[in-house]
1. Is it fair to say SER71 is touching a strand residue (DSSP E or B) at 6+ places or on another chain (Cβ under 9 Å), exposed (fewer than 15 other Cβ atoms within 10 Å of the Cβ) and either in a strand (DSSP E or B) or at pLDDT 75 or above (or both)?
2. What number of residues within region 153-191 satisfy the criterion of being more than 15 Å from LEU105 (Cα to Cα) and hydroxyl-bearing (Ser, Thr, Tyr)?
3. Which members of region 157-192 meet the condition of being over 22 Å from the mean Cα position of the chain (by Cα) and in a helix (DSSP H, G or I)?
4. For residues that are assigned to a loop (DSSP other than H, G, I, E, B) and without any contact (Cβ under 8 Å) to a residue 40 or more places away in the chain, scanning just region 123-144, find the one that is nearest to LEU172 (Cα to Cα).
5. Could you please let me know if ILE47 is under 21 Å from ASP23 (Cα atoms), β-branched (Val, Ile, Thr) and either at pLDDT 85 or above or touching a helix residue (DSSP H, G or I) at 6+ places or on another chain (Cβ under 9 Å) (or both)?
6. Out of ALA215, ALA211, ALA154, report the one residue that is closer than 21 Å to THR99 by Cα, at pLDDT below 95 and not in a loop (DSSP other than H, G, I, E, B).
Amino acid sequence: MHKTQDTQIEHFPDRSLRRLLQDSEYVRGLVQIVAPDIETFLDFSRITYQKRSFISKALQERESDVLLSVSFQKDTDATDAEALLIYILIEHQSTVDKTMGFRLLSYMVQIWESQRREWETEKLPENERRLQPILPILFYTGDRPWTVPVSLTAIMDVPEILKRFVPSFDTLFLGVKATEAEVLTQSGHPLGWLLHVLQKEHSDETEISEALTDAMSHIAS
């Protein structure tokens, strides 16, 4: 394989995915893959990308993530009060982080804390103070299979009788390398075909070229 092509594929996760997800259409494509039942309730024409000021500068340099607000259309008269936050953490490392559940919870709490500070700054009446729900998505592009639960109990030795006192939440998870190509591409969205190319990151030139050709034919159709 030519060195230039190999380098472009190798650095696609850490250089391109976050930029790609700055486009609301690709966020929609991701949600289509991980939660098609939820995607139907979201109005991606009403999307706002949020500042990441709640994360320290050091963490901003280390983490690759996207925070956005999208209208949750439970009916045709959705308002800003029905906004849903989507927090996407892109994990590139091949090592599996057992503390991921704690990391995600910590970021979610910082997002809510930022909202709480806004209440005080804007002097919102008590009856208008509402935290927005967060849809957390772990977007994993590493090679090693992710076998650790994304939960706090993954890093606890907690007796069964005490588990009800441990905060728990669901996380949408996409392990790109371990997901069947048919699952990634079943919606026909361009993101799925791009991720199928990423699956061939360590394949030979022929396989990557075939995947690229296949992807381009579907994207262009």
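1. Numbers: touching a strand residue (DSSP E or B) at 6+ places or on another chain (Cβ under 9 Å): yes; exposed (fewer than 15 other Cβ atoms within 10 Å of the Cβ): no; either in a strand (DSSP E or B) or at pLDDT 75 or above (or both): yes.
No; evaluated as a whole, the condition is false for this residue.
2. Residues flagged as more than 15 Å from LEU105 (Cα to Cα) and hydroxyl-bearing (Ser, Thr, Tyr) within region 153-191 amount to 3.
3. Filtering region 157-192 down to residues over 22 Å from the mean Cα position of the chain (by Cα) leaves 157-166.
Passing the criteria: GLU160, ILE161, LEU162, LYS163, ARG164, PHE165.
4. If we filter region 123-144 for residues that are assigned to a loop (DSSP other than H, G, I, E, B), which is where we start, we get 123-125, 129-133, 141-144.
Narrowing the set further to residues that are without any contact (Cβ under 8 Å) to a residue 40 or more places away in the chain leaves 123-125, 129, 131.
Values: LYS123: 34, LEU124: 32, PRO125: 34, ARG129: 27, LEU131: 20 Å.
Per the stated criteria, the residue is LEU131.
5. On the way: under 21 Å from ASP23 (Cα atoms): yes; β-branched (Val, Ile, Thr): yes; either at pLDDT 85 or above or touching a helix residue (DSSP H, G or I) at 6+ places or on another chain (Cβ under 9 Å) (or both): yes.
Yes: the conditions hold for ILE47.
6. Values: ALA215 fails: closer than 21 Å to THR99 by Cα; ALA211 fails: closer than 21 Å to THR99 by Cα.
The conditions single out ALA154.
The values are calculated or read from the model by the stated rules, or taken from the named source; none is laboratory data. Here the structure is a predicted model, which means the values were calculated and not measured. We place every Cβ from the backbone using ideal geometry, glycine too, and count neighbours over all the protein chains shown.
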